[in-house]
Every structure is written in structure tokens, then in C-alpha cells.
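The values are calculated or read from the model by the stated rules, or taken from the named source; none is laboratory data. These figures come from a predicted structure and were not determined experimentally. Positions of Cβ are backbone-derived with ideal geometry, glycine not excepted, and every protein chain shown enters the neighbour counts.
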Amino acid sequence: MAQAVAIVGTGQTECGKRSDVSYPELVHEAVTRAFEDAGIGPEDIDAVVAGSMPPAMEGVNNPHLYLAGAMGAYGKPLMRTATCGSTGISLAHTGFYHVASGMFDTVLVVGAEKMNEGDPQGTMATVADPFFQRPFLAGAPGIFSLQSNEWAHRYGIEEKRVRMAAAEISVRNHNDALRNPYAHIRIRTTIEDVLTARIIAYPVRLLDVCPASDGACAVIMASQEKAGKLGRNQAWIKGVGYCGEQAFFGEGDKVVWKSAINAAKSAYDQAGISNPLKQLDVAEVYNPFTFQEMLFYECFGFCDFGKGCELVEQGVVMPGGELPCDPSGGVLCTNPIGATGLQRVAEVVLQVTGRAGDRQVPGAKTGLAHAMGGLDQFNGIMIISNEL
Amino acid sequence: MAQAVAIVGTGQTECGKRSDVSYPELVHEAVTRAFEDAGIGPEDIDAVVAGSMPPAMEGVNNPHLYLAGAMGAYGKPLMRTATCGSTGISLAHTGFYHVASGMFDTVLVVGAEKMNEGDPQGTMATVADPFFQRPFLAGAPGIFSLQSNEWAHRYGIEEKRVRMAAAEISVRNHNDALRNPYAHIRIRTTIEDVLTARIIAYPVRLLDVCPASDGACAVIMASQEKAGKLGRNQAWIKGVGYCGEQAFFGEGDKVVWKSAINAAKSAYDQAGISNPLKQLDVAEVYNPFTFQEMLFYECFGFCDFGKGCELVEQGVVMPGGELPCDPSGGVLCTNPIGATGLQRVAEVVLQVTGRAGDRQVPGAKTGLAHAMGGLDQFNGIMIISNEL
Amino acid sequence: MAEESRILTGYVSLPYKWAMGPATTRFYEEFRKKRIMGSRCGKCNRILVPARSFCSDCFVETDEWVEVSQEGSIRTWVLINFAYEGQPKEPPYILAILDLDGADVGLPHFVGGFEMKDLETVEEKVRIGGRVKAVWKENREGYILDIDYFEPID
Amino acid sequence: MAEESRILTGYVSLPYKWAMGPATTRFYEEFRKKRIMGSRCGKCNRILVPARSFCSDCFVETDEWVEVSQEGSIRTWVLINFAYEGQPKEPPYILAILDLDGADVGLPHFVGGFEMKDLETVEEKVRIGGRVKAVWKENREGYILDIDYFEPID
Ligand SMILES: [Zn+2]
Ligand SMILES: [Zn+2]
């Protein structure tokens, strides 16, 4: 492993339709809160790492410039990282490499999106090559439904069972989101509501799908020496993993999903995790679609392949279970995409430092943050602990 | 400084209008050549860093996915870095942080652009915020002409003198490009040709301006241990610097240009350079416009402020001078933007390892690679030497 | 007055000229003749469809071109029931990943040729593993939509 | 056949709804009334134009709004003589950075109001340091182009 890197501050905006502020003002809000949390100011920052979705999302093609002032980046090194859906976790990785290299003591990492400024599904359809795939990518819902259907069929899980487990995940997330002041969708739902909601892309119904959110998240990373001087809340990055696949959606196996498996494996190896269900206390699994979350349980080794539903049915991944997942309410209830992966990091930091308020997982020490992107080709992981 | 990072291979495509191949095929060409140069294959690569302009340039909004196969990124960590015009140098910095962190032994860094697939100036006009600046950004020529005019006026350099020095730079670059097998524009020009070419954006005439190119560049970085095992040509990264400014074009001083000055200063400090004119043997200055190159001489400390023309007039920056600049023919003759900054790095590597063919600067040991972006808000530098 | 936030509306529209490169050009020339071509990777031995110049996994150039079947089976499918900017057809419609006989990778395309009144009528026609066959357009331009859709055949 | 590469043409067009936020909204309300507003940064003391909610350098919120002059001087200018997609007017035209009296930062806008036959006629009217004054459109929508251009006045 590289030299130790701490996360010493996080800041999140309230998410939703944030047309009350401009995109830079939204980012300013998150960054201000991260500075407050760390007890430092822009003068303490040595470099800034920023990212979002492809800039077609907001129609401003140089986002790191547009947002520079809002991040206090004037006069500093400024890097833009952007890996589509996995941007937030790639941002965290980039910040980690910055500090771990020994070149910077304190780095500000910012992810943001204002999905209500553009046409999110129209933008996402243009992520694919124009020759073969573009007409067949009905945004994210299309891709993830294809994957979920294949998964359920592969393991012969009956439709009713899958839908019931997905509905439980939806209800859990919606309940959790009510306890997260930054969450977008704040409604109490029932199993019945989820099962009968309008079909978006079969089997995915309205309450199985994430919203299009505006939101920003900022995280401050520091070297061990600098973190020691600050002497406040500290979480430590114990492992990182990222893995990519083929550009052609139909080419890879999206059920025994190599990029998810490998990303987790790399991060676990670095963090010394051999039994994730036992060694992790909380997991912020990237779940824009309820169904997909169960597939991640399998790829991340929380259970055997084909057994994802059981973790829901047995309550393992539910509040009070052995590995509560997405106590933040998850991506399902809040998805400003460029910020989303970084929100997972921020939530795990809050959890392992015991500052997650009403949604605190009691005694959480080590957590997993995850994001996914591409047309289901990229997965990234970060393991964070309250112990160095 | 961080742990030592070597550049152990470079690969460039021929540049120009490359409609003979698809964008992925173009990238494949550069990456294949980088592997050949380093004597390794994709199986030796631990992570891939890729980048280009805002994806509106080619209309494929997830370029690191589109190009994944072409970079041999299957099953590997893959990062997308994109900072507009400065992308190429930001890519080199990102690769450097990856290796310097100790997390990866060997990293492939790829920059690419296919500017002939889109509308480059139309794309560049959309980099600015939609509220205040977008109507006033006539692509790159507008911005750089504003800057050049202010510079010449500030120091009272008479127009005739500036234009003559710019014309000499143009002729020098066009001559150099004829000796670079990867260069796009391959014509012999005369001072007279440059002075009488069609006005694009006064004072900038056709031969003062870079072309819109298709091209790709790949660079392989390695840890000291890995580089030692490879035992082939090695160049070493001695310093990196990057600096950003305000989002509003009218806000900063673009003559005594903070981002250029600070980026160079950071890199010089790390590399132990106090007298760049003496300590550097070659400089690949990012020069999409002849006039702007002289402004960089001043900001990089090659001469005093207001004295940029003198370096041209006295031959200091010309072939055979004390600090030959842009022996590759520079950005002026070849500008596939996402690759351009990385081409500067590749050229300096070729120069300091004595492999620059007909355009070799005799005995070059240490060189500077530079790129610039934003609406004149970002500058990045890398100092590369053949000695560790 | 102070706390209002107005919305500025606008469009970004840009034109593109995407170079296909020789492999895709040739693939679509064959397409006009109603032939679906794959290319074999000499390293992993997979038949890749659409045919391409290098293998996505192995980073080696492919050399041998082979025709694959116009029939295959449905790997997975989805019924699209929402609208977005630039959509290729009116919803509802069916997207699928198809495993053509003779190919080692899946191809995304439409499944159609029947009325999609509701989920029940759709599920009568479409299932994972179900067999399909390409239905070509009369006028072919050398593009992926020269195949109008794949039609269920069992 | 083998080495041809066809070109596929297309467009990407997407709609946007940009939220201005309260500062820009207010700035443009004043604009409709032909007033150009700046905001003062309490830390660096600069008057920033356009008025904004936080200082670009200092990362502190601005609070005081002040009107700046509609006259100023040309910091730098350029004659645009080429065309691109989405261009706001037919070339040739003049872009400039203007230092309005009372502002500490430059404002990009057009300089116009005279015929631009050739470089010589332009250079008679436009020079760095030359004085200009805002010429407003009759119908103002609350946008930067409510000022038609800045006109040379010396
Ligand atoms: Zn292969
Ligand atoms: Zn200030």
C-alpha cells in the first residue's frame, strides 16, 4: 500500500430539484460545508480534484472551469476526473493518488451534477458509439433492466420472489432517505406501492428507479501528518479498486460481473478483507435500480452467486442486520450522478466516524463505498475505516 | 518529491485528417506503438489513464468506454482525465500520481482527439457558462487574439515587430514539422506567406493558427524498479506543476499570467531549476498561436516580461539556439487537442533520450513539456530529464 | 425579488462526421447484402459481432471474417416504456441482447413484429432463450437499423 | 473494397434549462432597466461585474451590490473573421474585454455600431484604451445581449 491517506471532512448539499441556485452556487454550498467540517479553509488546500458526468448533462463543456471559483480553486492545481456513473468513486481514487504520491498534503475532492438542467436519458443515450449501440441504449433504465432480467433468469429466481426482494429494498431505501437530510426523494412507500407502480422499463417500475437529482458533494483528504495536525474526525482509506470491461454492452457477462468482482477484490486485498460480510460494518452499494443491488451483493462476496435475494429476505442487508446496506437511502433516492459515488464515500465516512445521526449504524468501524458506470462496464470501490 | 517515476515508452500516430480509421482504431495505433517502444504488452499494464477534450468534440459522451478496447484496458483500472486544452499534460500528471503513489508499477497514459469528427470551434464556444460568456467566445482564435493584443500593447511592442517575430516562429515550426513524421501540416512557408495569409481573428492569420487534427499519443510510465527491469530507454519525471484561474475570462491578468507563472514555478522548484534558460535544453511550449508562444517565454522565465520577441530575434529559441523550442513543429502544426499536451511530453522524452531523429536537439538532457487550456485559465508543466 | 432564480433555456446542437474505419465500412457493405459478419480473434478464438479490426479483450488484430447466422436466441430483453430526447422509436418497444448462432458475443437490437398492447401480450411472444430471426428493411443504407428488428420465431 | 472508410453523419442536439440562481436573476432584472450591477467582495474589496454571489478569488460571499458605469475602456479586442456552428452573429465582428468605470474586472462583449469594411476602417474606430458606451436594445429579455454592443465614443 501507499502512504496513509485520511478523509478529514465532508460536505453535501441538500439534493433534489435545486433550481433555486446556479450550478456553481450549488457546488459552493457543498465545498463550504466540507471546509466547515474539516475546520479549514481554501488557503489550506494544495490541490482540487473535480468531476461530473459528461458535460452534455449540463451543456457547459468545461465544468472544471465553470465551477473553479465555487471550489476555491483559484491559484491551485485543478484536475478533472470523469468516468460517467462511476465518476464519484474515480474522484475519490484520484484524490487518494494525489495525496498518496506525497505531492500534496491536503486535497479537496468535489463531485457535482445538476441533472435537471439537461435531458439525462438523452445524454446517456449518447455515451455509446454511434455505429452500433446508440439506438439501443434507452438511458440507464434500459441497460439495468436487461441486466436484471438476465440475472434472475440465470439463477432461476422466480419473478415474484425477485420483485418482492426488490420492493423490500425500495421500501428500506425510502425509509432510510427520510433520515438523511441530504436525500432527494422523501416519501414513505409500501411494498404494495412499489409492486404496482408504473412500469418504466420492465421489470423496473417507478419506485425501483433512482430520480434525476441536482446535488454536490465535497470530501477533503489529507496526509497522515496533516490529519494529525488537524486532530479532528478522521477516516482512513484502506483500499481502492476499479475495473473496466469491453465497450460493447453485449460482450461481457453482466451477471458474474467481472468489473464488480475485480474492483472489490483489489480493494479487499489492500484492506486485508477476506470475509466482507463479517469485516464490513456498513456498505454503500451504488443502487440506481433495486434489482441491481442484489447482483452487487453477489459480486462483492456478501453471499454466493444467485443468493442475493436471501440477504434481503433474511434481513442481513437491512437496518439492524449483519451488514446494513445504503443507510443513506442510497442512489435509489438521490442521484446527482457526478456526485453520487462521492456521496457513498461521504456517507461511509460519517458512519465510521459515528456522525450519521438518526441513520447511524451502531459501532460501524469499516465500510465499503461503491460506484458503477459506463453501459455497465465500470465498477469502483473504496474501503474506509476509522482505524489507520 | 514523490518516489521516482520513469517514462519508458511513447507511441504517436501520424496526425492530420485521419478519416481512414475510426476513433478507436486511431487510438489502437498509438497504443500499439507505445507497447513496441517499451518492449511490453497490455498484460504488463497495471492501470490505464485516458483523456480527450469535452466529449462533444466527437459526439461520443463516454470516450473512455468507447476507447477501452483500443487501449487494452479490459480488466484494468481505467481513469478518465479531461481538462480541456491542458488535458494532455493533466493526463501525464495523473499517470505520474498513479505511479508515484506506489499503487501501480506500470501505467499506460493515452490522449486522443479526432477533431475532424465534430465542429471544433462550435464545441469550444460551449465550454463557457451560458449566462455571460458564451456568445463572446469565438473558439480558440478569439481568446488568444485578445490575449496577444493586450500583451503587445502592455509592453508597447510595435505591431510590425510582433508580427515579424510571430512569422519567424511560424516558419520555424513549419520547417520543424517537416522533420517530425507525426506532424499534421507539412508545408514549407516563408515569412512573406505568414504575413500575408488570410486574417482569421486579427492579428492572427491563417499561418499563425494551429490546424484541427486527428491524432493520438500514448506514454508508458513505470516505477523505478519496473523501469530498471525493462532496462531500455528511460526518461525521468523531475517536476510537475499546474495552476488554475477564475472562470471569468475578463477577470485575470492574461499578460503577467498567474497560471503559467505558477505552474512553471512549481515544476522548477521540484526539479531544482533556478535558471531555466541555462538548465533546460529543449522546451515543448504549447503554441496553438504563434503570438502566444512569446508570452509563455516570459511567464516561464526564459526572459524578462515584455522581452519575448528578443528571444526570437536573437535566435535563442530557434534551432541551434540556447533553448530550442518546439522542435516537434509544435501545436502550431499539429493539434489533436486531447493528445496535444501528451505529444509535448512524448517529444521531450524522445529528445532527452536522443531518439528524435532529424529534429534531435544535440545533447539534450532536460526538457520542459507544457499545455494550456480553459479560456486561458489553466497551465500545466512537466520537467523531464534523462537522469534520475 | 432577492431570492428568485430564473431559468434560461437553450439548446446545444452540434454536427458530426464519424469515420467508420475499414472494418465497420466493410461490415455495413455486407449488411446491405443482408449478411451479418463477424471477425475471429486468433488469440481467444472468439467470433466477434459486429466484425471489428481488433479484439476487445486481447488487443490483437483480427484477420478472418466469417458470416454468422441471422437467427439466434434472446440473452435478455426489456420493454421500454418511457420517452427521452433523440429516441429511435416511439415507446413502447423491446430492446434485447441477442446471441446470434455462430457468434461468441451478444448483439443489442430490437425485438418486434407484433403488437405490444400490454406486458401480457409481450410475455407471450418474448422470453429469454427464445429464438429470433432478423427482419431486414427493403431500403438498406448500411447501418445497424437496416435490420428493422428481430422477430420471434418459436 | 477493403481499405475504404465511410463517414456516418449525425447530430447531437440536447435541450437545457439553466438555473440562474438569485444573483444572476437579480443582475438581469436590473439589466432590463438598463443598469449594470456589480457586487463587492468584502475580503479583496474588488467590484465584480457581473454581480455574483461569491468572489471568484476569495471564496467568500459578496453582500453589497453597486451600480457601475455604462462607459468604460477597451482592455483588448479582436476582429472575428471566421464562422462556426452556433455563432451569435455573422462575421466580421469585434469581440472585446471592457473595463467599465467602477468595476475591477473585465467584461467580454461586442464593440460595434460602425461599418467593418476592412481592418483599416476598424482600426480607425477601435483601439486598446479607447472609450466605449453601452448601446441597449429596445426589447430587453434579461440577458447579456440586451446590450447590443458597446460603441466607441472618443
Ligand atoms: Zn481475443
Ligand atoms: Zn475577493
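Numbers for the structure displayed
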| quantity | calculated |
| --- | --- |
| Pick from the stretch C:37-52, criterion assigned to a loop (DSSP other than H, G, I, E, B) and more than 12 Å from ligand 1 (Cβ to nearest atom), ranking: nearest to residue A:252 (Cα to Cα) | C:49 |
| Matching residues, the stretch C:56-111, being farther than 20 Å from residue A:150 by Cβ and of a type in the set (Ser, Thr, Tyr) | C:62, C:69, C:84 |
| Filter pass, residue B:22 being of a type in the set (S, T, N, Q), buried (at least 24 other Cβ atoms within 10 Å of the Cβ) and within 11 Å of chain C (Cβ to nearest Cβ) | yes |
| Residue list for the stretch A:216-254, filter: within 14 Å of chain C (Cβ to nearest Cβ) and in contact with a Leu (Cβ under 7 Å, 6 or more places away or on another chain) | A:244, A:247, A:249, A:250 |
| Of all residues in the stretch C:63-85 being modelled with pLDDT of 95 or more and assigned to a loop (DSSP other than H, G, I, E, B), the one that is nearest to ligand 1 (Cβ to nearest atom) | C:69 |
| Scan of the stretch C:88-104 for residues that are more than 7 Å from chain A (Cβ to nearest Cβ) and surrounded by fewer than 18 Cβ atoms within 10 Å (Cβ to Cβ), ordered by number | C:89, C:90, C:91, C:92, C:101, C:102, C:104 |
| Residue in the stretch A:190-204 that is more than 9 Å from chain C (Cβ to nearest Cβ), at pLDDT 95 or above, crowded, with 24+ Cβ neighbours inside 10 Å and not in a helix (DSSP H, G or I) present | no |
| Candidate set: the stretch D:37-75, residues that are within 29 Å of residue D:112 (Cα to Cα) and within 14 Å of chain A (Cβ to nearest Cβ); chosen: the one nearest to ligand 2 (Cβ to nearest atom) | D:46 |
| Test: residue in the stretch D:70-80 that is more than 17 Å from the chain's Cα centre (by Cα) and either over 30 Å from residue C:22 (Cα atoms) or among the aromatic types (Phe, Trp, Tyr) (or both) | no |
| Every residue from the stretch D:88-118 that is in a loop (DSSP other than H, G, I, E, B), farther than 17 Å from residue D:133 by Cβ and touching a Leu at 6+ places or on another chain (Cβ under 9 Å) | D:88, D:91, D:92, D:104, D:105, D:116 |
| Which numbered condition residue D:10 fails, given (1) surrounded by 20 or more Cβ atoms within 10 Å (Cβ to Cβ); (2) more than 16 Å from ligand 2 (Cβ to nearest atom); (3) part of a strand (DSSP E or B) | (1) |
| Selection count where residues are surrounded by fewer than 24 Cβ atoms within 10 Å (Cβ to Cβ) and aliphatic (A, V, I, L, M), scope the stretch B:154-169 | 4 |
| The stretch B:100-150, residues that are of a type in the set (Lys, Arg) and not in a strand (DSSP E or B) | B:134 |
| Top-ranked residue of the stretch A:126-139 - restricted to ones that are small (Gly, Ala, Ser) and in contact with a helix residue (DSSP H, G or I) (Cβ under 6 Å, 6 or more places away or on another chain), ranked as surrounded by the fewest Cβ atoms within 10 Å (Cβ to Cβ) | A:139 |
| Test: residue in the stretch A:47-70 that is more than 24 Å from the chain's Cα centre (by Cα) and assigned to a loop (DSSP other than H, G, I, E, B) | no |
| Counted residues, the stretch B:83-116 - those being facing chain A (nearest Cβ under 7 Å) and over 16 Å from the mean Cα position of the chain (by Cα) | 6 |
| Top-ranked residue in the stretch D:17-56 [being over 20 Å from the mean Cα position of the chain (by Cα) and surrounded by fewer than 20 Cβ atoms within 10 Å (Cβ to Cβ); ranked as nearest to residue B:55 (Cα to Cα)] | D:17 |
| Tally, over the stretch A:142-153, of residues that are at the interface with chain C (Cβ under 7 Å from one of its Cβ atoms) and crowded, with 24+ Cβ neighbours inside 10 Å | 4 |
| Filtered residue count, the stretch C:105-131, keeping only those that are more than 22 Å from residue A:156 (Cβ to Cβ), under 18 Å from the mean Cα position of the chain (by Cα) and surrounded by fewer than 18 Cβ atoms within 10 Å (Cβ to Cβ) | 1 |
| Subset tally (residues that are of a type in the set (Val, Ile, Thr) and either away from chain A (no Cβ under 12 Å) or within 16 Å of ligand 2 (Cβ to nearest atom) (or both)) for the stretch D:23-36 | 1 |
| Qualifying residue in the stretch C:12-22 (condition: in contact (Cβ under 8 Å) with a residue 24 or more places away in the chain, within 11 Å of chain A (Cβ to nearest Cβ) and more than 30 Å from residue C:126 (Cα to Cα)) | yes |
